[in-house]
Amino acid sequence: MNQLKLIKRIRDLREDHDLTQTEIADILHTSQTMYARYERGANELPIHHLITLCNFYHVSSDYILGLSDKK
């Protein structure tokens with residue numbers, strides 16, 4: 001997995017939807033601090049959060065992981 005692409009994709013998706021880190025953290029049932037760590041690459045995004053983000057944004061996991069440019 002290309003960590004830099006994942007970091008950019010989750011941040012860009014959030015910003016494209018005009019959402020705050022706190023709003024996404026609430027959707028993931030985690031803290032804003034932990035979500036910010038995912039966006040910075042300080043912590044790896046757990047698979048259950050990846051699935052939740054894919055469903056929320058209606059994109060594939062390959063897109064978020066940077067394996068595809070097709071949403």
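With one equal scatterer per alpha carbon and no solvent term, the Debye-computed log10 I(q)/I(0) for the chain at 0.14, 0.15, 0.20 1/Å reads -0.35, -0.40, -0.75. Seen from LYS71, the other residues with C-beta closer than 12 Å to its C-beta sum to a net charge of -2, counting Lys and Arg as +1 and Asp and Glu as -1.
Are there any GluC sites (Glu not before Pro) in the chain that are in a DSSP loop and have at most 16 other Cβ atoms within 10 Å? List them by number. All intermediate terms of the calculation are to be shown ahead of the outcome.
Details: sites: GLU15, GLU23, GLU39, GLU44; in loops: GLU44.
Qualifying residues, ordered by number: GLU44.
Assuming 0.36 nm per residue, please report the length gained on full extension of the stretch ASP26 to SER61 beyond their Cα-Cα distance.
Working: separation 35, 0.36 × 35 = 12.60 nm, distance 2.01 nm.
Extending this stretch completely gives an extra 10.6 nm.
I'd like the carbon and sulfur percentage of the solvent accessible area for the chain, probe radius 1.4 Å, heavy atoms only, ligands and nucleic acids excluded.
About 51 percent, which is the carbon plus sulfur part of the accessible surface.
Per residue, the solvent-accessible area of the chain (1.4 Å probe, heavy atoms of protein chains only, all protein chains present) comes to 61 Å².
The values are calculated or read from the model by the stated rules, or taken from the named source; none is laboratory data. Every value quoted in this text rests on a predicted model; they were computed, and no experiment measured them. Because the Cβ atoms are built from the backbone with ideal geometry, glycine has one as well, and the counts that use them run over all protein chains shown. Calculation scope for accessible area: heavy atoms of the full protein, side chains included, ligands and nucleic acids excluded. Shrake-Rupley method; radii C 1.70, N 1.55, O 1.52, S 1.80 Å.
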